[in-house]
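K.L.:
Submitted below is the structure of interest, expressed as structure tokens.
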Amino acid sequence: MCSSDLLTSLLLACMAAFLVACLIIYPNSVFQSSLSGMTLWWEYVFPALLPFLILTEIMLGSGAIHALGTLLDPFMRFFFRISGNSGWALVMGLFAGYPAGASTTAKLRERQALLPLEAERVLFVSHLCNPAVMITVIGVGFFHQVTLGMFIAIIHYASAILMGLILRSEEHTSELQSL
């Protein structure tokens with residue numbers, strides 16, 4: 001084990017010991033904080049996500065997400081200059097949120113349906129937050145303003161699309177074609 005690994009291990013061990021000591025010294029504060037976190041989850045996050053997760057599973061089971069991904073084939077080719085297989089990853093990112101778009105991209109890459117550079121581009125476009133989280137939980141739950149949640153969602157999706165458009169530039173396309 002090299003010295004930097006040993007130093008990192010010691011630092012992490014000290015931080016863990018400090019955390020355990022704080023839990024023992026301040027049990028009331030820890031309990032109140034965890035209770036407040038559970039209340040936040042139960043009152044805002046769970047009611048906002050449950051219907052959306054059920055709808056996503058229904059769409060997955062019925063093949064609607066795969067159909068939407070197929071319909072996005074020309075869009076993905078034209079705007080982002082990546083293969084149409086990636087439309088499915090984009091739809092999964094839009095509907096199911098963070099882990100779904102990234103894991104779908106990883107699965108497509110493992111099946112060699114995407115080249116490495118294409119997978120990077122798809123990841124930038126499909127690694128999105130669930131709209132229910134942004135609009136319902138953050139906008140309505142935290143800020144009590146639907147319009148603010150919608151504004152956050154628009155900015156989030158626009159930045160992902162902008163990143164995809166930036167990566168479709170000629171420089172990146174020539175790298176992709178050389179592979």
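K.L.:
What's the total number of residues in region 108-129 that are within 17 Å of LEU55 (Cβ to Cβ) and surrounded by fewer than 23 Cβ atoms within 10 Å (Cβ to Cβ)? Don't jump to the end; show me each part of the working.
P.N.:
As a first pass, look at region 108-129 and keep what is within 17 Å of LEU55 (Cβ to Cβ): 128-129.
Those still in the list that are surrounded by fewer than 23 Cβ atoms within 10 Å (Cβ to Cβ) too: 129.
Counting residues in region 108-129 that are within 17 Å of LEU55 (Cβ to Cβ) and surrounded by fewer than 23 Cβ atoms within 10 Å (Cβ to Cβ) gives 1.
K.L.:
Select, from ALA153, ALA132, ALA96, the only residue that is in contact with a Pro (Cβ under 6 Å, 6 or more places away or on another chain) and on the phi < 0 side of the Ramachandran plot. Before you say what the answer is, go through the steps one by one.
P.N.:
Numbers: ALA132 fails: in contact with a Pro (Cβ under 6 Å, 6 or more places away or on another chain); ALA96 fails: in contact with a Pro (Cβ under 6 Å, 6 or more places away or on another chain).
Answer to the check: ALA153.
K.L.:
Now, a different point. Could you list, in sequence order, all residues of region 118-157 that are of a type in the set (S, T, N, Q), in a helix (DSSP H, G or I) and free of Cβ contacts under 8 Å to residues at least 12 places away in the same chain? Show your work before the answer.
P.N.:
Just the residues of region 118-157 that are of a type in the set (S, T, N, Q), to begin with: 126, 130, 136, 145, 147.
Right, trim to in a helix (DSSP H, G or I) and you get 126, 136, 147.
Passing the criteria: only THR147.
K.L.:
So, one more: Inside region 1-107, counting only helices (runs of 4 or more DSSP H) that do not spill past its ends, which hold 3 or more residues that are surrounded by 14 or more Cβ atoms within 10 Å (Cβ to Cβ) and within 18 Å of the chain's Cα centre (by Cα)?
P.N.:
46-62, 86-96
Read the figures in this text as sums done on the coordinates, not as results from a lab. Remember, predicted model here, so these are calculated numbers, not experimental data. Note that each Cβ is placed from the backbone with ideal geometry, even for glycine, and that neighbours are counted across all protein chains shown.
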